[in-house]
Amino acid sequence: MRRTVLLALTIALMLPVSGCIGGPAGTATEPTESRNIHPGYGEFNAGNVLIGDGEVMMDHYGLVIPVNRTAILKGIIFAREYRVSSGNGSDTTGYYGGKVELKAYLADIFVQYAWKALESGLKPVSELEVEITPETVEVKPGKNEAFEVKIDTSEVTLGKTYYLYIVAFGGDGWKGWAVVEVITEETTVTKETEND
């Protein structure tokens, strides 16, 4: 009998507490339109930028290139889908898309996912000469947009590794990026090349 009374008392004490957590209907705990934005929108890599040689396309691409050479890489950006779940069990679908501006930066270290950590380490491109064409694209669901990245190594430090970030800034606040790890090496001259 004593156990039954203690159990009933414990349950009775828990009920008001659990009722307060959710709050009554009509309070701010109900989903609103502003919650349709992805929770990490603008802070985390949207994961919709790929770069490579055209056959192999990745978000982290390694490139070994001799000094005084130019390489042209292919890039793709696409409208990646995301879903936001609401409290009532329904999902809202959105896309990392729209008008996008592409920019190039260098960083000393490889940081892939969080914008706050990455942004403080980004620097203007120096030593490498980098040109992105086009610099602005319109990204729509179901359609990839292509761009090119031209990298000139005329002014680089031999043997240095450059972490080149190609960052996509979505017009409505999201960010996505891919990294080209550029490793410079000395140009090798063969006998055949010398005789030509």
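The values are calculated or read from the model by the stated rules, or taken from the named source; none is laboratory data. Keep in mind that what you see is a predicted model, and the values were worked out from it rather than measured. When we count neighbours, we look across all protein chains shown, and the Cβ atoms used for this are built from the backbone with ideal geometry, even at glycine. All accessible areas refer to the heavy atoms of the entire protein, side chains included, with ligands and DNA or RNA removed. Shrake-Rupley method; radii C 1.70, N 1.55, O 1.52, S 1.80 Å.
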Worksheet entry | Matching residues, the range 147-189, being out of contact with any strand residue (DSSP E or B) (no Cβ under 6 Å at 6 or more places or on another chain) and of a type in the set (Asp, Glu) | Glu155, Glu186
Item to complete: Examine the range 152-165 for a residue that is modelled with pLDDT of 95 or more, open to solvent by 30 Å² or more (accessible area, probe 1.4 Å) and over 19 Å from the mean Cα position of the chain (by Cα), and state whether such a residue exists.
Response: yes
Item to complete: Within the range 49-70, count every residue that is in contact with a Ser or Thr (Cβ under 8 Å, 6 or more places away or on another chain), in a strand (DSSP E or B) and surrounded by 14 or more Cβ atoms within 10 Å (Cβ to Cβ).
Response: 2
Worksheet entry | Sole residue being surrounded by fewer than 20 Cβ atoms within 10 Å (Cβ to Cβ) and either outside any strand (DSSP E or B) or at positive phi (or both), chosen from Phe110, Phe169 | Phe110
Worksheet entry | Filter result for Asn144 (at pLDDT below 95 and closer than 28 Å to Ala79 by Cα) | yes
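Given the residues Pro124, Pro66, which is the only one that is within 22 Å of Lys150 (Cβ to Cβ) and free of Cβ contacts under 8 Å to residues at least 60 places away in the same chain? Working first, answer last.
Values: Pro66 fails: free of Cβ contacts under 8 Å to residues at least 60 places away in the same chain.
Residue meeting the stated conditions: Pro124.
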Worksheet item: In the range 41-59, what count of residues is obtained for those that are under 11 Å from the mean Cα position of the chain (by Cα) and on the phi < 0 side of the Ramachandran plot?
Response: 9
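Got a number for residues in the range 84-99 being at negative phi, touching a residue at least 12 places away in the same chain (Cβ under 8 Å), part of a strand (DSSP E or B) and surrounded by fewer than 17 Cβ atoms within 10 Å (Cβ to Cβ)? Steps first, please.
The first filter runs over the range 84-99 and keeps only residues at negative phi, leaving 84-88, 90-97, 99.
Those still in the list that are touching a residue at least 12 places away in the same chain (Cβ under 8 Å) too: 84, 86-88, 92-97, 99.
Now restrict to residues that are part of a strand (DSSP E or B): 84, 92-96, 99.
Now drop any that are not surrounded by fewer than 17 Cβ atoms within 10 Å (Cβ to Cβ), which leaves 84, 92-93, 99.
The total comes to 4.
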